[in-house]
Each structure stands twice: as C-alpha cells, then as structure tokens.
Amino acid sequence: SAMNCTLCPRKCNIDRTRSLGACTSPAALKVARAALHMWEEPCISGTRGSGTVFFSGCSLGCVFCQNREISDGSVGKALPDSRIADIMLELEAQGAHNINFVTPTHYTSLLVPVLERIKPTLGIPVVWNCGGYESVDTLRMLDGLVDIYLPDFKYLSPDLARDYSAAPDYPEVATEAVLEMFRQTGKYEEVDGLTQKGVILRHLVLPGCRADSIAVLGHIASILPVADIRVSVMRQYTPDFAMDCPHKNLRRRVT
C-alpha cells in the first residue's frame, strides 16, 4: 500500500501520505488528463480514440521524458477513487475503443479495487500503459483485470539505463515484467484491426543508441514468442526536454 510503498522496483518503502518517493506522487490518486486520445498505436486508437487516463508522476524519470509536465507530478488534480470508475464508464459511453491507464504503476493498489468493481460491466478492454520498469508482485495484482499490456522496453544496456533513467537494473526488471505480462494475457488478438488482448512492446529509438535498439529487439525475440506479441518501434524522439542534459547525443533527433 502507499503506507510502505513498494509498488515499483525502486521500493522506496515510505509512507506516501507523509512524503514523496521516486514517483513524486502522493498516496491519493492524481490525474493529469482523461480524454479520448488519437495518438496511440493505430490498433489502440482506432477510429474513435483510446479512453486514456493520464496519471501524474512516474517512478522512472527518464532524462529525455517526452511527457515531462505530467511525469514530474506538476500537472494534475486529486480525484477520489470512485471518480475513476465514473470516468471509465463515461469514456466508454463516448465511444472509446478501450480504457487506457497511462503511467498507473504507483497507483496500482488504488486501481485494483476500482477495476474489480467496474471490469464486469465494462464492454471494452483495459490497457496498462507503462514504462516497463514494473515489479512482478505488483503486476500479479492485475491478473485478470488487464487485457492489454503496453509497456516500454527502453534499454538492454544497464549503462544507458543508469545514465538516462537512474535504473541500472532496468533490463532485468523489464525482462521479468514482460514475461509476467505475457503469462497473464497470452497470445495477441485483434478484431477489425483493434487490439483485444495481449502484449504490445514499445521501444523508442534514441539518437546515438541504435546498437542498443537492435539488441533490445534481439532480446525480445529471445524471451517471447514473436508471433504471439506485437512490437512498436518509435522514431518520434524529440530533444526538446533534453537540451540541458549532459548527454550530447540526446540533444538531437534520430537520423
């Protein structure tokens, strides 16, 4: 719980009602945005949009973050847990193809009871959209409640993971996490071009890091049956947020 928080692999073990840990998030739910969203993978956004709920804060804190004002916790408002259930049903009524929780890890213990209550009445899949730096114990709380996992697999190099996300254990943690996600959802399925269940791994190609990108893809192929998952290789890296970071390669776009 948020009293001795170990929801993410950083295991701060603090009382979030009193202080802030790595995710910069209080114990109570804080949401930055809830709306139909057209800019996910085409099989998630479809024609009517993905019903996204962007949670404030993030336990990874990558130096190049493309969503910084949300991830650093500076944007967002506190909502009662019950309101999340209403938002989910409202988004479904607006035509959302799915309910898409974005960076929800540090609120898992609050979201599980909401999902348990709403899932039986929800007619669309639930997406868990995360950075890949997930604890297997936390993911197990979601077993049967999440249809689609949309994690990043950012790095295979512990050095890059340390330099860019202060998480040298990222490669092994993400490996265990995606194996657990796949165990829960099983084989990827889509209907009429829309994902219904399964794992979609995202990888953002970083400037100057193409060798690691190739290694990431090889690694994914070595741990998961590639016919049964999907991979989204992203080239839209923008240096806007990394102009003041010490890593010169991150101050440009990918070629």
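The values are calculated or read from the model by the stated rules, or taken from the named source; none is laboratory data. Remember, it's a predicted structure, so these values are computed and weren't measured experimentally. Note: ideal-geometry Cβ built from the backbone for every residue, glycine included; neighbour counts use all protein chains shown. Heavy atoms of the whole protein, side chains included, go into the accessibility calculation; ligands, DNA and RNA do not. Shrake-Rupley method; radii C 1.70, N 1.55, O 1.52, S 1.80 Å.
Share of antiparallel DSSP beta bridges in the chain, in percent to the nearest 5?
Beta bridges within the chain, antiparallel portion: roughly 35 percent.
Looking at the square roots a ≥ b ≥ c of the eigenvalues of the Cα gyration tensor of region 192-244, which shape do they give, rounded for a/c under 1.5, prolate if a/b is larger than b/c, or oblate?
Judged from the Cα gyration tensor, region 192-244 comes out oblate (a/c at least 1.5, b/c at or above a/b).
Rank 167, 242, 211 by mean-square fluctuation in a GNM of the chain with C-alpha springs under 10 angstrom and give only the top-ranked residue.
Taking springs between Cα atoms under 10 Å, the residue moving most is 211.
In percent, how large is the relative contact order of region 117-255, given Cα pairs closer than 8 Å and 6 or more residues apart?
22 percent
Ordered by packing density, taken as the mean number of other Cβ atoms within 10 Å over each peptide's residues, highest first, how do 23-36, 112-125 rank? Intermediate results must be reported in sequence, preceding the final value.
Numbers: 23-36: 19.3, 112-125: 14.5.
The most tightly packed comes first, giving 23-36, 112-125.
Take the alpha-carbon centre of region 224-255, take the same for region 25-51, and report the distance between them in whole Å.
So the two Cα centres are separated by 20 Å.
Averaged per residue, what accessible surface does region 1-124 expose to a 1.4 Å probe, in Å²?
Details: 5360 Å² over 124 residues.
Value for region 1-124: 43 Å² per residue.
Any chance you could get the radius of gyration and Dmax over the Cα atoms of the chain, in Å?
17.3, 50
With every protein chain left in place, what is the accessible area per residue of region 213-255 in square angstrom, probe 1.4 Å?
64 Å²
In terms of Cα to Cα distance under 16 Å, which lysines are near enough to residue 197, apart from those fewer than 8 places away along the same chain?
Within the straight-line limit of under 16 Å, residue 197 reaches these lysines: 119, 187.
Using the Cα centre as the reference, give the magnitude of the dipole from point charges on the C-beta atoms of the chain (Lys, Arg: +1; Asp, Glu: -1; all else neutral), rounded to the nearest 20 debye.
540 debye
So which lysines can residue 248 reach, going by Cα to Cα under 29 Å and dropping same-chain residues fewer than 8 places off?
Partners found: 154.
What share of the DSSP beta bridges in region 179-238 is antiparallel, in percent to the nearest 5?
About 40 percent, rounded to the nearest 5.
Among the aspartates and glutamates, select those whose C-alpha is under 17 Å from the C-alpha of residue 30, and discard any that sit fewer than 8 residues away in the same chain.
15, 69, 72, 81, 86
With just the Cα atoms defining each centre, how far is region 157-223 from region 103-139? Give it in Å.
First find each Cα centre; the distance between them is then 18 Å.
Accessible area of region 130-254 with a 1.4 Å probe: how many percent of it is carbon plus sulfur?
Heavy-atom surface of region 130-254 belonging to carbon and sulfur, 1.4 Å probe: 53 percent.
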